[in-house]
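Data first, discussion second: the structure below is written as C-alpha cells.
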Amino acid sequence: MYEHDVVVVGAGGAGLRAAIAAQEEGADVAIVSKLHPVRSHTGAAEGGINAALRDADSWEDHAYDTMKGSDYLGDAPAVEALCKESPEEVIQLEHWGMPFSREEDGRVSQRPFGGLSFPRTTYAGAETGHQMLHTMYEQVVKRGITVYDEWHVMDLVVTDEDDPTDRSCHGVVAYDIQRGEVDGFRASGGVILATGGMGQVFDHTTNAVANTGDGVAMAYRAGVPMEDMEFIQFHPTTLPSTGVLISEGVRGEGGILYNEKGERFMFEHGYANNDGELASRDVVSRAELTEVNEGRGIEDEYVHLDMRHLGEERILDRLENILHLAEDFEGADGLTEPMPVKPGQHYAMGGIETNEHGETAIDGLYAAGECACVSVHGGNRLGGNALPELIVFGKRAGNHAAGKEMGEPEIPTGKTGDWESAEYEFEVDVGTVGDRGPAAADGGAVAADAEGLLEAEIERARERVEDLLARKGRNHAEIRSAVQETMTANVNVFREEEGLKQSLEDLREAREAYTEVAVSDPSRTFNTDLIHTMETRNILDIAEALAMGALARREFRGAHWRKERQERDDENWLKHTLISWNDGEPELWYKPAILEGEAKTYEPKVRSY
Amino acid sequence: MSTQIPKQTEKTEETAAETETEAPSKGDERRAEKRRRADERRRQREVEEAEKAAADENTVELRVFRYDPDIEGKQEPRFDTFHVPFTKGMTVLDALMYARDTYDSSLTFRHSCRQAVCGSDAMFVNGGQKLACKTQIDELEEPIRVEPLPHAEVTKDLVVDMEHFYDQMEAVEPYFQTNEYPDGELEEQRQSRENREKVKMSTRCIWCSACMSSCNIAAGDNEYLGPAAINKAYRFAMDEREGEDVKQKRLEIIEQEHGVWRCQTQFSCTEVCPKDIPLTEHIQELKREAVKNNLKFW
C-alpha cells in the first residue's frame, strides 16, 4: 500500500495543476494515471485559453459572456471565480515558460472566439493544449512530484454510511498495468479526481480512446451525484471520417462555412445574423446538421470550412497544425481546398457535482476539470473556456485538499439547500442488473479504520480482476460499440422522446450483456483487454445517466435540444439535473441554478448571436 | 497462424447456448430473445464480413509481432497474420484496432488520441519508425510488418518499456528557468516573434521516442542523451526568456561526455520524426553554441 497526503487521479491539465498547487501548500502529493502524463488528452486541445488580460477587457465581461453561453445554467460563483482567476493563471503558465504566440511588442497574442465580446483567447498556434500540458509536466518534473503512470484506478475507497454526505474518502485502489497487480493508495488529505472527458460514450468524438469517464463513474458509484449529464457539446468542426478536431481558431481567424450550394448558410439561412460562423458552438452544430437534413449537405454528410482566403502566411503562423491534421486524417489540403467538417461529440459540460473549491458531497473527495461540474459551462461551454477551467479549478482543488483555508463555499453539494425530487417515471429499468457480482463492483466497504477499509477494498478489487480473468463470456468490445451506436443515433444533437426511450432500452440490454462479460487475454502483463473491459462498465453507467437526464428535461437549453419543446423554459427548468446512484437504484433530482453573482444577478435573456 | 475466423464461429455457439439456460421473467425472456437474435445477426454479419474480407482482394494483410513473457506459447516471439477489410483512409492504428476488436483481444499496443499528439503509438512499420495513427495503409507495401520499436525492451507485443527514454528526457533539466521576472502584477515576460519562431519546432515534440529508436549512437551508448532530450535542451537554451546564466548551465549539460558530441549527423532521427522537428540541425546548432561559448573563455 502506498501513502500520500494528496492523491490526484489523472495527469492532464487539471490533475497536473492540482498536484502542483497541493505541493505548494506543503502536501506530499502523488499522481496516479492510466497514461503517462504527456499522453493525456489536454494535449489535443487546440484553440486557446480565455483570459481578460487587457485593459480594454474585464473579468465581468468574460463572466457575462460565459453565463450567456451557458444558457443561464452556469453557477455564478463558479463562473466569476473562473473569469477573475484565469488571467493570473495564464500569466503563471507564461512564467513557467509556455510558448504562447506573440504580438509585435512581445506580449502574448489573443484572438476572437465564438460567443466572446472581446478577443480574449490566448493561444500557442493551434496547439495550445499540447504546450500547456508539456509546460505543466515540466513543473511536475522540476518539483519531483511522484507519478505512478500506467496505473488504472479501479475504485474509490469510501466509507459506507447510508447518507452519502456522511461518507468520507480515504484513497483509491488501482491496477498496475505493466505488472498486473492491484494495490491501494491511501490519501490522508484527499483524493482529487481529474480524469477528463467521457467521449467514448459516443462513436464520433474528438476525444481520445482513453476518455472513458472513469472518475465520473467511480464517484457516482461511491455516492456522489452526477450533475447536468445531458449537456454534451458537439463541436461543429470535426473531420467526418475520424472525428479529429479542427479548431474553432479557424473560424476565429476568419474561416467560413459553406453548404453544398456554396451558400454561407450561417448568414444566408439566418442561423446567426450577427456573429455568423462565430456563434456559440451549439448554434453552429445545429445549423450544420439542419443544412444536411434539408438536403444541402455535401455527400449528405458534411459542410465545408474554407480558410484559403486567410492566405498562406497567416495560416502557417497561427493555424499550421490544422493543415497537418486535415492532410493526415482527411487527405485535404487546407491551403488549396475547403475542409470537410461535421459536428462531433467534443465535451461534457456535466460531471461530478462539486462546489467552487472542488469539493464533492463526500468528505475528502475532490474533482476538477472536464470530469467535474462546478458548474461554469451550464448548458453549453464557450470555446476557450475549458483550458482555464483546468488550471483555475485544478489549483483550487489542490490547495483545498492540501489544507488551505478558503472560506465557506457558496455552491451547495449533495442533497442540501433547495433541492427537489423529480416526478419522472422511467418506463425502462435503470441501474444495477441482478445481483452484484464482482464484475459490477459498486457500493463501498465497511471497516473500523481507513487502513482496514483500504485493505478490504484492495481485496475486493483483486477478486474482481481474478473473476474477470477466470470467467468465460462476451468480449467487451461489442458491448461498447452497442452503447456508442445507440448514443450517437438517439442522444445526439437533435433529441426526441422516442429515440431517448430507445436508447435507455438499448442501454439496458447492454448492461445485461455486461453481466456476461469476460476478459479473454489471461496475461498479467499489460493486459489492455482487462482495462478496456473495466472502462466499459464506466461507459455504461455514464451513458445511462446521460440518457436519463436528456429524457426528463423537456426543454431546449444550450446544447440540449428537444423536439417536443423547442424553446427554453425558464419557469420550470432553470435548474441542474442530478442523478444519484443510491447503491444501484438511480434517482433523479434537481437543484436551482445560482444566478446571483458577486456584483450582479445574471438575468436570463434571449440568447441570440 | 492465419486469421482467427474459425475461433469467431465457435464463440457464437457458446454464447447462444449460455443465453438459453437463463430466463427468469417474461420481460427478461423477451429481451434476452431479442438480444440473442440481434447478437446472432451481428455475429453472422461479422463472420461473413471477415470471410468476405479474407477472400476479397480489398483486405490488408498485417504481420504483427507477438510476445508475452507471461503466456506459455507467446514467450517465444512470433508473427501473427491478420486480414483486415480495407476502408478508405485507414491507418495502421485503425487496422490494429480492427484486428484486436474482431479477431484477438489480447493483441496489445499503446494508443490514445488517434491524432498524432499523444505520442503513444510509435512502432516499427515495414522497417521504419512511424506513428501508427498517422500512417496510411494505402501508402504501404503488403504484407505490412508491424513490430515494436527497435532498441527498446519489449514489454508485450508492440508495447516497449519507455523508462529509459523518460530518464534521458528528464536528465536535461527539462523545465523553464530564469533569474528575473517582470515587476508588474499580471505582466508576462516579453518574447520576440522571431525568438518564438526559433523554438517553435522544438516545442512540438510528443515524446514518442521514434528518434531514439532510430539512432545508431543511442543503440550503442545507453547513456547517450539521444535526439529528443537534446532537442528539449535546445528548446530552453534558445529561449531568450531564460537569460545568459541559465544558458551557460544548459550548454554544460549538453556538452557532457554522452551529450551532443556523440551525434554523428546521420539524420536518421530527423527522417523518422512524425512532427518534422529538424532534430539533427538542432543538435548541430547546440554544438556550434558550445564551441562559441568555449572560445569565449580563451
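Where a number appears in this text, it was derived from the coordinates with a stated rule and is not lab data. Worth saying up front: this structure is predicted, and the values here are computed from it rather than measured. Heads up, the Cβs are rebuilt from the backbone with ideal geometry, glycines too, and the neighbour counts pull from every protein chain shown.
Output the peptides A:67-80, B:123-136 sorted from most to least packed, where packing is the average of other Cβ atoms within 10 Å over each peptide's residues.
Ranking the peptides A:67-80, B:123-136 by packing returns A:67-80, B:123-136.
Give the Kirkwood hydrodynamic radius (Å, one decimal) of the stretch A:528-609, defined as one over the mean of 1/r across all pairs of different Cα atoms.
Kirkwood radius, the stretch A:528-609: 15.4 Å.
At 7 Å along Cα-to-Cβ for each site, give me the label-to-label distance between B:D161 and A:E420 in nm.
Placing both labels 7 Å beyond Cα along the Cβ direction yields 6.1 nm.
Would you please put B:267-273, A:30-36, A:176-182, A:130-136 in order of how densely packed they are, using the mean number of other Cβ atoms within 10 angstrom per residue and starting with the highest?
Working: B:267-273: 20.6, A:30-36: 24.0, A:176-182: 16.3, A:130-136: 26.3.
Going from most to least packed, we get A:130-136, A:30-36, B:267-273, A:176-182.
Report, as a whole number in µm² per second, the diffusion coefficient that Stokes-Einstein gives for the protein assembly as shown at 20 °C and 1.002 mPa s using the Kirkwood radius over alpha carbon pairs.
The calculation lands on 77 µm²/s.
Ignore the peptide's own chain and count Cβ atoms of other chains within 10 Å of each Cβ in A:319-330; give me the average, rounded. Provide the component values of the computation, followed by the final result.
Values: counts 0, 2, 5, 0, 0, 7, 4, 0, 1, 10, 8, 1.
Other-chain Cβ atoms within 10 Å of each residue's Cβ, averaged: 3.
Tell me, in nm to one decimal, what length is gained between B:N216 and B:K292 on full extension, where the rule is 0.36 nm per residue of separation less the Cα-Cα distance?
Contour length minus the Cα-Cα distance gives 24.6 nm.
Which three semi-axes in whole Å describe the equivalent ellipsoid of the stretch A:237-344, each the square root of 5 times a Cα gyration tensor eigenvalue, listed largest first?
On the way: eigenvalues 86, 48, 28 Å².
One finds semi-axes of 21, 16, 12 Å for the stretch A:237-344.
Size of the stretch B:181-298 along its principal axes in angstrom, Cα-based, largest extent first?
50, 39, 21
Shielding of B:170-180 by partners, i.e. mean partner chain Cβ atoms within 10 Å per residue?
3
Cα centroid distance between the stretch A:305-334 and the stretch A:1-34, in Å?
With the stretch A:305-334 and the stretch A:1-34 each reduced to a Cα centre, they are spaced 38 Å.
Would you work out which of A:P99, A:Y366, A:L546 lies farthest towards the positive end of the dipole of chain A, given +1 charges on the beta-carbon of Lys and Arg and -1 on that of Asp and Glu, about the Cα centre?
A:P99
How far, in degrees from 0 to 90, does helix A:281-293 lean away from the longest principal axis of the Cα atoms of chain A, to the nearest 10?
The helix A:281-293 is inclined about 70 degrees to chain A.
For the stretch B:117-162, take N as its residue count and report Rg(C-alpha) divided by 2.2 N^0.38 Å.
In units of the globular-protein estimate, the stretch B:117-162 measures up at 1.13.
Tell me the label-point distance for the pair B:F79, A:E516, using the 7 Å Cα-to-Cβ offset, in nm and rounded to one decimal.
Between B:F79 and A:E516, the label points sit 3.8 nm apart.
Taking the Cβ-Cβ separation of B:E223 and B:L186 as r and a Förster radius of 41 Å, what is the calculated FRET efficiency to the nearest 0.05? Spell out each step's value before the answer.
On the way: r = 44 Å, r/R0 = 1.06.
Between B:E223 and B:L186 the formula returns 0.40.
For the stretch B:57-159, what is the convex hull volume of the alpha-carbon atoms per residue, in Å³?
100
Compute the separation of the alpha-carbon centres of the stretch A:504-559 and the stretch A:120-187 and state it in Å as a whole number.
First find each Cα centre; the distance between them is then 21 Å.
Write down the Kirkwood hydrodynamic radius of the stretch A:261-305, to one decimal in angstroms, obtained as one divided by the mean of 1/r over all alpha carbon pairs.
The Cα-based Kirkwood calculation yields 10.4 Å.
Before rounding to the nearest 500, sum -39500 (n - 2.57) across all DSSP H runs of length at least 4 in chain A and divide by the residue total; then give [θ] at 222 nm in deg cm²/dmol.
Here the helix-only value at 222 nm equals -10500 deg cm²/dmol.
Once you charge only the Cβ atoms, +1 for Lys and Arg and -1 for Asp and Glu, what is the size of the charge dipole of the stretch B:57-159 about its Cα centre, to the nearest 20 debye?
For this selection, approximately 320 debye.
State, to one decimal in nm, how far the label point of A:A470 lies from the label point of B:E271, with both points 7 Å from Cα in the Cβ direction.
5.3
Just report the Cα centroid separation between the stretch A:580-606 and the stretch B:234-274, whole Å.
Their Cα centres are 53 Å away from one another.
Averaged across A:138-145, how many Cβ atoms of other chains sit within 10 Å of each residue's Cβ atom?
Per residue, the number of nearby Cβ atoms from other chains is 3 on average.
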